[in-house]
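Presented below is the structure to which this report refers.
The values are calculated or read from the model by the stated rules, or taken from the named source; none is laboratory data. Because the structure is a prediction, the values reported are computed rather than measured. Cβ: placed from backbone, ideal geometry, glycine included. Neighbour counts: every protein chain shown. Each accessible area value is taken on the protein alone, full model and side chains, heavy atoms only, with ligands, DNA and RNA left out. Shrake-Rupley method; radii C 1.70, N 1.55, O 1.52, S 1.80 Å.
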Amino acid sequence: MTAALPRQAAPPDEPDRPPETPGHKARRRALTLLIIVLLIGVPAGYLVISAAQSRDSGKDKESTYSATGLAEGWPSKVQRRLYQVPVPHPADRIAYYETNNWKTSRLYVQFRTNSAGLDSFLEGMGVNRDALKKNDIAISSRDQKITGWRFTATGTWSGLTHAQKNPAPTQDVVVNTADPEFPMVYVVSRTVP
């Protein structure tokens, strides 16, 4: 047997509320529905948008890091500094590719510049134009195969290997001066992590 609980009486100083009208009831329910939609819908929408952006970002990174071969554009400043490849200004036809493994990291860069730009590039590496040896293809056939470079076109080909003590990178450079005003430069810079 359950005992009936006494009902609490309304405070004496509060007037009785009038009964709720159908219009008031509809407004109250609409307001409640709006609050629920805002409390649930806005965060859910934010999560959907955030997830889509995150997925797109992952796809961009995946395409960047799964690239095989040269990609047009400048290597980042960090890459240029780490591998000591001072791409000069002005330069065009710029492309690069980076490989990393536990043994050796390599940055492959190609660009076309003018005569002063070539001198500036070589000076930035710590060598001068006299270090270039005619008909010396310093870039290995393995590295040529990775990038698709072919050093068989007409022109005057020169090259050099700028060996440095670890952890500084070693650079292999090949220059084509078929057009002496605008030499084409190919660089492989490798470092041991």
Starting from the 7 Å offset along Cα-to-Cβ, what nm value, one decimal, do you get for the label separation of N166 and Q79? 2.4 nm
If I compute solvent accessible area with a 1.4 Å probe over the protein chains, what percent of it on segment 100-167 is carbon and sulfur? 46 percent
For segment 78-91, Karplus-derived ³J(HN,Hα) couplings (6.51, -1.76, 1.60; θ = phi - 60°; whole Hz; x for glycine and proline) come out as 5, 4, 4, 6, 4, 8, 6, 10, x, 4, x, 10, x, 8
When a/c is below 1.5 the answer is rounded, else prolate if a/b is larger than b/c, else oblate, so apply that to segment 74-177 with a ≥ b ≥ c taken from the square roots of the Cα gyration tensor eigenvalues. rounded
If you count only protein heavy atoms with a 1.4 Å probe, what accessible area per residue comes out for segment 119-193, rounded to a whole Å²? 54 Å²
Chymotrypsin sites (Phe, Trp or Tyr not before Pro) within segment 101-144: DSSP coil, no more than 16 neighbouring Cβ in 10 Å: W102
